Every structure is written in C-alpha cells, then in structure tokens.
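The values are calculated or read from the model by the stated rules, or taken from the named source; none is laboratory data. Small disclaimer: the values here were computed from a predicted structure and weren't measured. Because the Cβ atoms are built from the backbone with ideal geometry, glycine has one as well, and the counts that use them run over all protein chains shown.
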Ligand code: EPZ
C-alpha cells in the first residue's frame with residue numbers, strides 16, 4: 001500500500017519535462033508484434049501499466065529490455081498467441097493485443113477484460129470490427145478465442161469513436177487482404193502516433209487524426225516489406241500528464257513551465273484554464289501558466305472524444321472547480337462511473353450536487369486536509385491536487401493507482417515546490 005502525504009498552501013514554481021504518453025506507448029508496444037526485427041522505443045514512460053504490457057509480451061516470447069533511456073524489443077522470438085490470463089485481466093487495455101496477435105499468428109486468445117473502476121468497459125466495437133475483417137470469434141469460459149488466418153479488408157463504421165477499437169482494427173487490418181476503411185475512427189493524438197509507428201514498420205496506414213483511416217493490408221506482408229535493422233520511435237508527450245500539471249498550478253497557485261509538451265494536444269484544457277482566470281502562453285514544445293488569484297468558475301465542462309475536453313482530465317478539473325469563485329458544471333459523457341473522487345472531495349469540504357452524469361459544483365474558499373482514498377487513476381491525481389490547495393495535511397491512500405499513469409507523481413510535484421512525500425507500507 002502506498003500513500004501520498006501533502007501539506008497544502010504552497011504555490012508551485014519551476015520547469016518540468018513532460019513524460020512520454022502512456023496511452024500512446026501501450027498500443028505501440030502491442031504493435032511491436034508486427035515488426036520483423038528489433039524495435040527501440042524512446043520516451044516510453046516507466047509505469048505499472050507499461051511493465052504489465054511488457055510482462056504480457058515476454059509471456060508471448062518477445063524479448064524486452066530497458067537499455068538506459070531506450071526500451072528494446074525483439075519480437076522475432078514471439079511464439080505464442082494465448083494471452084496470460086492474470087496479466088491481461090490486470091491490464092484491461094491489453095484487449096488491443098488481439099489485433100497484432102491476429103496479424104502475426106492468425107490466432108489470438110485473451111481473457112474477457114471485464115469492467116474497471118470507471119465503468120463496465122464493453123468491447124463490442126472491438127469484436128464487431130474484427131468480425132467484419134473475417135475473424136471468427138468464440139467466447140467461452142471467460143475467454144475470447146479468435147481465428148483470422150484469412151482476413152479481408154472492408155469498410156467498418158464505428159458506432160462510437162472508440163480509441164481502443166480503432167487501434168485494434170488498425171493493427172489487425174495490416175494483414176487483411178485489400179483496403180480497410182475505418183469510418184468514425186477515434187481522432188486522439190495517440191492514434192496518430194500508432195499510425196506513425198506502423199508506417200515505420202512499412203505498413204500503408206493513412207488518415208489517423210481524422211475520422212477516416214485507411215489501411216492497405218496484405219496476407220503477404222512480412223520481412224520483405226520491412227526496413228532492415230532496428231526501427232526506432234519516440235513516443236509522443238503525454239497530454240494528460242501535461243494537463244494534470246497545468247491544472248495543479250491552477251489549483252495551488254503559482255507559475256510553472258512545461259517542456260516537451262504539444263500545445264495543440266491540450267487546447268481544450270488550456271481554454272478551460274483561461275476561463276478559470278489563468279494566463280497561459282505556448283511556443284514550440286513549451287507551455288507557461290500563471291495562476292495567482294482564486295480560480296474563477298467554469299460554466300460548463302463536457303467530456304467528449306478528442307478534440308473535445310478529455311475525460312481523463314475531468315477529475316482534475318472537478319478539484320479545480322471545488323475551490324473556484326462561483327458555480328461550475330461538469331458533464332461526464334464518456335464513462336458511466338467516473339465521479340468516485342467526488343465522495344472524497346466532499347470529506348475535504350467540497351460542495352456539489354450530482355444528477356446522473358452531471359455535477360453542479362459550488363466553489364468554497366478552502367478545502368480542509370484529511371485522509372482520502374483514491375478509487376481510480378485520475379481520481380487519485382485529482383485528490384492529490386486537492387491536497388495542494390487544502391488547509392493542513394491530506395493523506396491520499398491507494399496511491400499505487402496513481403502509479404499506473406504518472407511516473408513518480410509526488411516527485412513531479414515536489415520538483416515544482418509542493419510539500420509532498422510518499423509513504424509505502426507493506
Ligand atoms: C482509452 O480507453 C484510454 N486508455 C482511456 O484512458 C481514455 O479514458 C479513453 O480511451 C477515452 O479517451 C488507453 O488508451 C489505454 P474508448 P478505451 O474505447 O480505448 C465505449 C486513462 O486514465 N465503448 O474510447 O477503453 C466505452 O464504454 C484511461 O489513461 C463501447 O461501448 O476508451 C466508453 O463509454 C482511462 N464499446 C467509450 O466507448 C467498445 O467496444 C470510450 O471508450 C469500446 C468502447
């Protein structure tokens with residue numbers, strides 16, 4: 001068990017480099033199965049979810065090792081397509097391993113991932129898309145058994161622009177004979193990064209970042225199509241880590257500068273921080289934020305698929321709104337159970353009303369530090385941010401949930417002047 005212990009009241013200052021994106025690294029790690037030779041990934045974040053994905057790849061026979069800043073992968077020894085059950089349950093997003101396993105082996109077996117703390121997380125769009133490529137799918141005893149030795153390209157229209165389903169279909173379709181067109185595809189930057197990686201492997205994938213992605217696949221693809229030698233790729237910066245740090249400065253007050261950021265990827269977050277009264281500027285890979293006075297109310301935040309306001313930033317802005325000068329509203333359109341941090345914020349003195357997926361938050365002058373419990377990754381980050389602004393000491397329990405998405409979150413905040421430390425108990 002781990003806890004973060006935060007003493008509130010200290011404004012943030014300084015400069016920090018944004019780490020590589022978890023949600024870009026995970027599908028790219030899965031896509032390493034589509035390489036014939038060695039791959040070197042740079043800026044892959046050292047997170048629990050990444051280590052879990054590496055454990056899954058090793059179980060499938062892929063050689064994985066950290067060499068300084070680089071993560072080296074060699075899929076040439078990959079020899080299995082049955083995902084280890086415990087690990088793939090622990091990392092539910094491993095469901096997008098189905099695509100690359102089908103592309104490499106023509107078969108894939110994984111555990112039904114089930115829900116998690118933020119929702120029941122269905123995978124119908126993944127399975128329907130794969131079935132449209134000609135994959136035969138059986139579900140039995142909690143397992144998903146896929147056979148796709150003769151996949152054929154086709155037009156797939158996603159009912160919802162699912163990030164994972166888009167990624168799964170992209171990776172399977174490279175070995176489907178002919179063209180696959182994904183309509184209503186997710187437009188997240190992480191999809192563009194996956195496309196960039198697949199193109200380095202020699203695959204013809206275009207359109208990522210738009211709603212229409214085209215993949216020209218072939219059964220014949222193999223070593224002959226791929227560049228010789230080690231293929232290297234740098235993972236894009238994590239826009240949610242960047243947004244979380246900007247929000248931390250808005251909550252705690254002060255001025256910070258982010259390096260290795262992509263301002264365009266956090267445009268919706270920056271717009272809402274300006275509405276809250278912060279001053280932001282951006283140039284190249286640098287974003288600067290200044291926030292001194294008490295945040296102003298934010299009339300409405302609606303979480304939406306990219307480029308709308310990201311659901312992964314909802315909890316952090318919930319915290320910001322609890323201390324804003326006025327009444328704010330948040331609507332969580334993406335996941336059905338993503339307000340668990342609210343109950344903990346109430347214990348810190350926050351005031352809000354919830355009706356289904358809508359929260360009306362009446363800002364208070366000050367939160368009070370106390371013992372709170374993280375229920376999910378982004379909720380844990382939000383409670384830590386609340387501790388920065390609270391009077392006295394806040395202890396955030398279950399901090400290992402935060403480790404899933406932030407490399408040393410306490411270290412990041414401490415480097416910006418926060419009074420925060422981690423306490424690990426057995
Ligand atoms: C990705 O999850 C991210 N995870 C999530 O980040 C992020 O919150 C989410 O995209 C939305 O941006 C990774 O990239 C590893 P979805 P994913 O499929 O792919 C419904 C974090 O904190 N849906 O776009 O699972 C689903 O129920 C995590 O870093 C179906 O109905 O998200 C949800 O309501 C949390 N059927 C909506 O779509 C399906 O087959 C969005 O899900 C798939 C999804």
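When you scan region 79-90, how many residues do you find that are assigned to a helix (DSSP H, G or I) and either within 9 Å of the ligand (Cβ to nearest atom) or touching a strand residue (DSSP E or B) at 6+ places or on another chain (Cβ under 7 Å) (or both)? Before the answer, list the steps.
The initial filter retains those residues of region 79-90 that are assigned to a helix (DSSP H, G or I), namely 85-90.
Now drop any that are not either within 9 Å of the ligand (Cβ to nearest atom) or touching a strand residue (DSSP E or B) at 6+ places or on another chain (Cβ under 7 Å) (or both), which leaves 85, 88-89.
Going through region 79-90 one residue at a time, the tally reaches 3.
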For this session: Pull up region 365-410, narrow it to residues that are under 20 Å from residue 53 (Cα atoms) and in a loop (DSSP other than H, G, I, E, B), then point me to the one that is nearest to the chain's Cα centre (by Cα).
Result: 405
For this session: Check off (1) assigned to a loop (DSSP other than H, G, I, E, B); (2) out of contact with any strand residue (DSSP E or B) (no Cβ under 8 Å at 6 or more places or on another chain) for residue 338 and give me the number that stays unchecked.
Result: (2)
Problem set entry | Residue match in region 45-55 (condition: more than 22 Å from residue 174 (Cα to Cα), in contact (Cβ under 8 Å) with a residue 60 or more places away in the chain, buried (at least 17 other Cβ atoms within 10 Å of the Cβ) and in contact with a strand residue (DSSP E or B) (Cβ under 7 Å, 6 or more places away or on another chain)) | yes
Seminar exercise, completed: Listed by range, strands (runs of 3 or more DSSP E) wholly within region 91-210 having at least 1 residues that are within 16 Å of the ligand (Cβ to nearest atom) are 107-111, 136-140, 143-147, 155-157, 178-183
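Under 20 Å from the mean Cα position of the chain (by Cα) and more than 24 Å from residue 404 (Cα to Cα): is that true of residue 275 in this structure? Spell out how you get there, then give the answer.
Details: under 20 Å from the mean Cα position of the chain (by Cα): no; more than 24 Å from residue 404 (Cα to Cα): yes.
Here the answer is no, as residue 275 does not meet what is asked.
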Problem set entry | Criterion violated by residue 54 - all others in (1) within 16 Å of the ligand (Cβ to nearest atom); (2) modelled with pLDDT under 95; (3) touching a helix residue (DSSP H, G or I) at 6+ places or on another chain (Cβ under 8 Å); (4) over 19 Å from residue 195 (Cβ atoms) satisfied | (2)
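Report yes if residue 241 is closer than 19 Å to residue 378 by Cβ, away from the ligand (no atom under 16 Å from the Cβ) and touching a residue at least 24 places away in the same chain (Cβ under 8 Å), otherwise no. Walk me through it before giving the result.
Numbers: closer than 19 Å to residue 378 by Cβ: yes; away from the ligand (no atom under 16 Å from the Cβ): no; touching a residue at least 24 places away in the same chain (Cβ under 8 Å): yes.
For residue 241, the condition - closer than 19 Å to residue 378 by Cβ, away from the ligand (no atom under 16 Å from the Cβ) and touching a residue at least 24 places away in the same chain (Cβ under 8 Å) - is not met.
Looking at 100, 11, can you tell me which residue is surrounded by fewer than 20 Cβ atoms within 10 Å (Cβ to Cβ) and in contact (Cβ under 8 Å) with a residue 12 or more places away in the chain?
Details: 100 fails: surrounded by fewer than 20 Cβ atoms within 10 Å (Cβ to Cβ).
Answer to the check: 11.
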Problem set entry | Filter pass, residue 46 being under 26 Å from residue 417 (Cβ atoms), over 21 Å from the mean Cα position of the chain (by Cα) and not in a helix (DSSP H, G or I) | no
Exercise. Which number in (1) surrounded by 19 or more Cβ atoms within 10 Å (Cβ to Cβ); (2) more than 20 Å from residue 388 (Cα to Cα); (3) within 16 Å of the ligand (Cβ to nearest atom) marks the one condition that residue 336 misses?
Worked result: (1)
Problem set entry | Only listed residue being within 16 Å of the ligand (Cβ to nearest atom), modelled with pLDDT of 95 or more, surrounded by fewer than 18 Cβ atoms within 10 Å (Cβ to Cβ) and at negative phi, chosen from 347, 357, 371, 362 | 357
For this session: Identify the single condition in (1) within 16 Å of the ligand (Cβ to nearest atom); (2) surrounded by fewer than 19 Cβ atoms within 10 Å (Cβ to Cβ); (3) within 30 Å of residue 39 (Cα to Cα) that residue 267 does not satisfy, given that it satisfies every other one.
Result: (3)
Problem set entry | Pairs with Cβ under 7 Å, 6+ apart, first in region 15-36 and closer than 17 Å to residue 226 by Cα and within 13 Å of the ligand (Cβ to nearest atom), second assigned to a loop (DSSP other than H, G, I, E, B) and at pLDDT 95 or above | 28/235
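Please pick out the residue among 256, 323 that is out of contact with any strand residue (DSSP E or B) (no Cβ under 8 Å at 6 or more places or on another chain), buried (at least 21 other Cβ atoms within 10 Å of the Cβ), on the phi < 0 side of the Ramachandran plot and modelled with pLDDT of 95 or more. It would help to see each step written out before you state the result.
On the way: 256 fails: out of contact with any strand residue (DSSP E or B) (no Cβ under 8 Å at 6 or more places or on another chain).
Being out of contact with any strand residue (DSSP E or B) (no Cβ under 8 Å at 6 or more places or on another chain), buried (at least 21 other Cβ atoms within 10 Å of the Cβ), on the phi < 0 side of the Ramachandran plot and modelled with pLDDT of 95 or more holds for just one of 256, 323, which is 323.
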Problem set entry | Selection count, region 346-361, where residues are in contact with a helix residue (DSSP H, G or I) (Cβ under 6 Å, 6 or more places away or on another chain) and either in a loop (DSSP other than H, G, I, E, B) or closer than 24 Å to residue 120 by Cβ (or both) | 2
